[in-house]
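Read the structure below first, then the notes.
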RNA sequence: GCCUCUCUAGCUCAAUGGUAGAGCAGUGGACUUUUAAUCCAUUGGUUCAGGGUUCGAGCCCCUGGGGAGGCACCA
């Protein structure tokens, strides 16, 4: 992080300061001779990809009269005297410029010779291939579109330092194809979700980010302050409670894809701000929601990588095959070697938890203990997409109780590659029961569990107007995108991941 | 928050406790079909910061800082 903060003194030496000074000098020279180093606009006739699509089949050594005007960044330059080859890149690909002194003239050739790696240029000419068959634009005219006064990272190795990659994402994106690919996959997932949901009759909505109380999940919130109202507000930790208010309002099918914020640690699987897609569908229950979860993710995978197949830890899974559904208590029981249930004596479950090195709190009941045992024993092994169902009521304050077992809820979580990707349930819509659950949450919070919830009176008021039977779903977009992209950290699919502020 | 690892030229990386180096980029030169072009020459360093040990520290020790991985946290 030892960037010079003062202006370089001149052209002595050849460190970064000198390099920037030299390139700035090129800008100054160009201006002095009436040129424009940063012109306002440029009209191209083809992207580089379009040139390749249209003329990519030319035989080696072909000259055409086909004209094209293109634009891109100079990423490689090969100067062989009276010929210059420059590789241009735009977002669609790369194309070589073939620049001959005899074609452009001595003055223009000398100017082109002074281009630096990183400069943006526009070029007009005719399409050709070299003797070796490289598709090229034989340049007749070239203009600088924007000068780069800072040198690009190594043309072959790119950037490898994680810190620099994520702090200077712009440089990372310039030189690392893989960085661009992961972001494109993320976009494909997001766009696919919107298509799937729009086709299924869902309305996309936006609800507040600033909340008077942070509900809908168990997490510690960020606190902020509104000056003129003079109230503390929380950044939302979930979308859930506002979206269900819209179901009360009769919107029937709504979804939101938005940023949520949780004040917790940073890891390969966690970023303090991340993107959640939540949907709510009236008249549906959790089984419908599992179906739409499969559809959303399978279609996103196809959109992102062109196949229903996904490779996880070296093994290929076909997402078009039905996804296994296993109940949490069955999984925990299998791991425990005996049948367990949240209704079991708490002491028994507590000692069982201890066998698996689960840290337990005195306030935890049987439901929380069963869930903790499941997480400790089974979660990491759920590689292929698996619905884990029937979460204990104790840890599911917004989910509807299982119609056959009051200790459990009609809830599921989807695990892929050992990671929790989605969460859904039949929504609790009885305002009396919801109030009782909220009261329990608040009691736990007041007893010291900072992540528990509060009684949201306005939400209860909404429920009192009547919420139809509803199924709801939340999918972590970042985790899903990282899984589909096959990258090992969320940071790869988050353009600007949270980092400690840089010291200048 | 804890543990481990890591930080050397703009970038990618070397360097038994003994004169800080290479490739790329840059600069000067040669070259009209290159492909990470090639060839010749060459500039560039507060080795993250500050202390300490030592005749001598990029290297060993301490403190601090950035980052990564793991743990904790994250229903």
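Some points to look at:
- Projected onto its three principal axes, the C-alpha set of chain A covers 89, 52, 48 Å, listed from the longest axis down.
- Restricting attention to chain A, close to 90% of DSSP beta bridges with both partner residues there are antiparallel.
- Principal axis dimensions, largest first and in whole angstrom, of segment A:261-410 by Cα: 51, 37, 34
- Reported to the nearest whole Å, the Cα centre-to-centre distance from segment A:254-274 to segment A:482-504 is 12.
- At R0 = 30 Å, FRET efficiency that the Cβ-Cβ distance of residue A:194 and residue A:57 yields, to 0.05: 0.25
- Here the gap between residue A:150 and residue A:443, fully extended at 0.36 nm per residue and compared with their Cα-Cα distance, gives a gain of 99.7 nm.
- Gain in span if fully extended, residue A:305 to residue A:160, counting 0.36 nm per residue against the direct Cα distance: 49.7 nm
- Value of relative contact order over segment A:49-92, rounded to a whole percent, pairs C-alpha under 8 Å and six or more apart: 31 percent
- The helix-only estimate of mean residue ellipticity at 222 nm for chain A, built from DSSP H runs of length n ≥ 4 each weighted as -39500 (n - 2.57), is -10000 deg cm²/dmol after division by the residue total.
- Acute angle (nearest 10 degrees) that the helix A:346-355 long axis makes with the longest principal axis of chain A, alpha-carbon atoms: 40 degrees
- Multiplying the residue separation of residue A:489 and residue A:287 by 0.36 nm and subtracting their alpha-carbon distance yields 69.6 nm.
- Helix A:286-305 and the long axis of chain A differ in direction by around 10°, with both axes built from C-alpha atoms.
- Site pair residue A:204 and residue A:430 shows an inter-label distance of 3.7 nm when each label is modelled 7 Å from Cα along Cα→Cβ.
- 0 to 90° range, to nearest 10: angle between helix A:366-377 axis and chain A longest Cα axis: 40 degrees
- Relative to one another, the C-alpha centroids of segment A:289-337 and segment A:165-183 are positioned 29 Å apart.
- A Förster radius of 22 Å, combined with the Cβ-Cβ distance separating residue A:110 from residue A:43, puts the computed FRET efficiency at roughly 0.30.
- Legend: translational diffusion of segment A:253-322 by Stokes-Einstein, Rh = Kirkwood radius over C-alpha pairs, 10 °C, 1.306 mPa s; D = 109 µm²/s.
- More than 27 Å apart - percent of Cα-Cα pairs taken over segment A:13-171: 26 percent
- Set of segment A:327-342 residues, backbone N closer than 19 Å to the point 7 Å along the Cα-Cβ line of residue A:267: none
- Rel. contact order, % - alpha carbon contacts under 8 angstrom, at least six apart, segment A:357-504: 17 percent
- Kirkwood hydrodynamic radius over Cα pairs of segment A:217-287, then Stokes diffusion coefficient at 10 °C and 1.306 mPa s, in µm²/s: 113 µm²/s
Taken together, the values in this text are just the output of simple stated rules run on the coordinates, not laboratory data. Since this is a predicted model, take the numbers as computed values, not measurements. Methodologically, a virtual Cβ is constructed for each residue, glycine included, from the backbone with ideal geometry; neighbour enumeration extends over all protein chains shown.
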